[in-house]
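Novice: Have a look at this one before I ask anything.
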Amino acid sequence: MCNLYSVTKGQAAIRALFRIAQDRAGNLPSMPGVFPDYPAPIVRTGQVGRELVTARWGMPSPVFALKGRTTDPGVTNVRNVSSPHWRRWLGQASRCVVPFTSFSEYETTSEGKKVPVWFALGEDRPLAAFAGIWTTWTSVRKKAEGEVTCDVFAFLTTDANGVVGPIHPKAMPVILRTEDEVATWLTAPAPEALALQRPLPDDALRIVARGEKKDEASAA
């Protein structure tokens with residue numbers, strides 16, 4: 001599953017593309033490598049329109065996954081939207097979009113090594129968004145940190161397309177490329193929004209880098 005992505009376009013570009021009414025994210029650095037539980041920008045619907053905030057990557061885990069555990073680092077990718085655990089967060093109020101410039105899946109080499117392979121919509125790593133969900137949750141994410149209450153998010157996955165499939169055949173993130181798709185995900189009734197949970201066309205995605213755990217080339 002996608003547990004590594006980048007968002008390296010400037011904060012002004014994020015505000016412009018996603019038509020942000022209120023920026024509550026502070027000063028966002030370039031993020032060439034976003035890993036699970038990292039704070040990262042998301043766009044959600046606020047009281048005055050779309051707002052840009054930061055949240056930690058990883059939604060609350062299902063109860064069965066926590067058996068015998070004392071911490072919950074969270075679930076980064078959500079596939080089974082028919083599960084009662086995830087259905088509670090599929091309403092408009094809990095949907096968000098997650099800005100990104102590239103994402104990574106791991107390829108297993110002939111030597112058995114796991115090597116990151118980076119995908120983007122183009123060599124220039126244009127901004128796009130994952131279809132995400134968010135909530136405010138109280139839990140122990142790290143033992144040393146103790147109990148915390150924070151905003152958290154994850155994004156949806158779907159079948160891999162012909163570009164991602166040879167590297168990671170099981171799944172790829174749900175990607176939104178247009179303002180209409182972003183608006184549908186954030187505002188439409190759940191059945192209409194969930195129709196966006198489909199693979200990206202093969203010609204819309206390409207491999208842009210290999211081997212590194214950060215996509216530094218997408219900084220701009």
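Rule-based calculations on the coordinates, nothing more; no lab input. Everything numeric here is computed off the predicted structure, so don't read it as measured data. We place every Cβ from the backbone using ideal geometry, glycine too, and count neighbours over all the protein chains shown.
Novice: Mind listing whichever residues of region 173-219 are over 17 Å from Leu4 (Cβ atoms) and part of a loop (DSSP other than H, G, I, E, B)? First the steps, then the outcome.
Specialist: The initial filter retains those residues of region 173-219 that are over 17 Å from Leu4 (Cβ atoms), namely 176-204, 206.
The answer is Arg177, Thr178, Ala188, Pro189, Ala195, Leu196, Gln197, Arg198, Pro199, Leu200, Pro201.
Novice: Here are some residues: Ala25, Ala55, Ala13. Which one is under 26 Å from Lys213 (Cβ atoms), small (Gly, Ala, Ser) and part of a loop (DSSP other than H, G, I, E, B)? Quick ask: steps written out before the conclusion?
Specialist: Values: Ala55 fails: part of a loop (DSSP other than H, G, I, E, B); Ala13 fails: part of a loop (DSSP other than H, G, I, E, B).
After ruling out the rest, the residue left standing is Ala25.
Novice: Among the residues of region 162-186, what is the count of those that are surrounded by 12 or more Cβ atoms within 10 Å (Cβ to Cβ), under 30 Å from Asp72 (Cβ atoms) and not basic (Lys, Arg)?
Specialist: 12
Novice: Here is a follow-up. Counting only residues that are without any contact (Cβ under 8 Å) to a residue 60 or more places away in the chain and within 16 Å of the chain's Cα centre (by Cα), how many does region 3-33 have? First the steps, then the outcome.
Specialist: Applying the first criterion (without any contact (Cβ under 8 Å) to a residue 60 or more places away in the chain) to region 3-33 yields 11-12, 15-16, 20-29, 31.
Applying the additional criterion that residues be within 16 Å of the chain's Cα centre (by Cα) yields 31.
Final tally of qualifying residues: 1.
Novice: Now for a different question. Only residues that are of a type outside the set (S, T, N, Q), within 21 Å of Val81 (Cα to Cα) and in a strand (DSSP E or B): list them for region 142-172, please.
Specialist: Correct list: Asp151, Val152, Phe153, Ala154, Phe155, Leu156, Met172.
Novice: What residue, among those in region 62-80 that are buried (at least 16 other Cβ atoms within 10 Å of the Cβ) and polar (S, T, N, Q), is nearest to Pro36 (Cα to Cα)?
Specialist: Thr76
Novice: Would you confirm whether any residue within region 34-47 is over 25 Å from Val140 (Cβ atoms), in contact with a strand residue (DSSP E or B) (Cβ under 7 Å, 6 or more places away or on another chain) and either buried (at least 16 other Cβ atoms within 10 Å of the Cβ) or without any contact (Cβ under 8 Å) to a residue 24 or more places away in the chain (or both)?
Specialist: So the first thing to find is which residues in region 34-47 are over 25 Å from Val140 (Cβ atoms), and the list is 43, 45-47.
Those still in the list that are in contact with a strand residue (DSSP E or B) (Cβ under 7 Å, 6 or more places away or on another chain) too: 43, 46.
Next, only the ones that are either buried (at least 16 other Cβ atoms within 10 Å of the Cβ) or without any contact (Cβ under 8 Å) to a residue 24 or more places away in the chain (or both) stay: 43.
Yes, that holds for at least one residue.
Novice: Take the conditions more than 18 Å from Leu121 (Cβ to Cβ), surrounded by 14 or more Cβ atoms within 10 Å (Cβ to Cβ) and among the acidic types (Asp, Glu) and apply them to Asp159. Does it pass?
Specialist: Here the answer is yes, as Asp159 does meet what is asked.
Novice: Using the structure shown, decide if Leu121 is touching a residue at least 24 places away in the same chain (Cβ under 8 Å) and under 30 Å from Leu66 (Cβ atoms).
Specialist: Working: touching a residue at least 24 places away in the same chain (Cβ under 8 Å): yes; under 30 Å from Leu66 (Cβ atoms): no.
It is false that Leu121 is touching a residue at least 24 places away in the same chain (Cβ under 8 Å) and under 30 Å from Leu66 (Cβ atoms).
Conditions (1) among the β-branched types (Val, Ile, Thr); (2) more than 25 Å from Lys142 (Cα to Cα), marked per residue:
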position: Gly26; (1), (2): no, no
position: Pro29; (1), (2): no, no
position: Arg69; (1), (2): no, no
position: Asp72; (1), (2): no, no
position: Ser83; (1), (2): no, yes
position: Val97; (1), (2): yes, yes
position: Thr101; (1), (2): yes, yes
